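Heads up: the structure comes next, in structure tokens.
The values are calculated or read from the model by the stated rules, or taken from the named source; none is laboratory data. Since we're looking at a predicted model, the values are computed, not measured. Neighbour counts run over all protein chains shown; Cβ positions are idealised from the backbone, glycine included.
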Amino acid sequence: MHAIFIADAHLRHEGDENYLLLMEFLDGLKGSIDTLFILGDLFEFWVGYETVPFTHYLPILARLEELVKSGVEIVYVEGNHDFNMGPFFTKTLGARVYPDSAILPIEGKNVYLCHGDNVNSRDYSHRLLRWVLHSPIIPLATHIIPPAVASWIAEKMSAQSKKKHGRRRHQWDYTALLRSFAAERFREGCDVVVSGHFHIPFKDEADGTVLLSLGDWITHFTYGEWRDGVVSLKRYREPEAGDR
């Protein structure tokens, strides 16, 4: 079994560096892996309409379609910037889509997959927002709200979230939260926990368990790899000095 895990590219425009690098990376995966696991926030904003109105994402969607045609399965765990993935992912790509976390058996191990935004049980405002975004309201809204309006709302919400990001990083120890969350999953019988969301790349391995925090494709360009039962954290490109 050969699989790749990615999260948190927050793709915006086709000419952005992280967008171009991720397309290059995906091109290199064609026919060489079994499964691509996307653990949320591949896009800065995505909600599934009946068609694909977000034309700036067509190049990356084409890369994903080429991957599927080469025999790669896509498993998508929704994040807090992409949800209700819609017919392109479920029908065109035949992807397995999970709105929340998922526990999947991989080579005899129980692997817990999540975006990670549900890790902090005390961040009540975010948990409320997440409930709304993953509720039946959103699919209904796509029949009423034009994509341009949805994108405008998302941009405003994203800008507000970024203003609070620094305060949240000071308020919460993300690494400790994720380790505590993973420890609970290990006690429940999981062998591996893979998470995105926190943009902090690290791997913990002890007593036959593995916690993999994927980092991001904005400054770290990191991803996870599963090859014949071995889990690794890898980097596609070294970050610029100013990004470290």
>> Please go through the stretch 205-217 and give me each residue that is in a loop (DSSP other than H, G, I, E, B) and under 19 Å from Val77 (Cα atoms), ordered by number.
In response: Gly215, Asp216, Trp217
> Considering the stretch 121-140 alone, what residues qualify as being under 20 Å from Phe88 (Cβ atoms) and exposed (fewer than 13 other Cβ atoms within 10 Å of the Cβ)?
Replying inline: Pro136, Leu140
> Can Glu205 be described as loosely packed, with under 13 Cβ neighbours inside 10 Å and either modelled with pLDDT of 95 or more or basic (Lys, Arg) (or both)?
Replying inline: yes
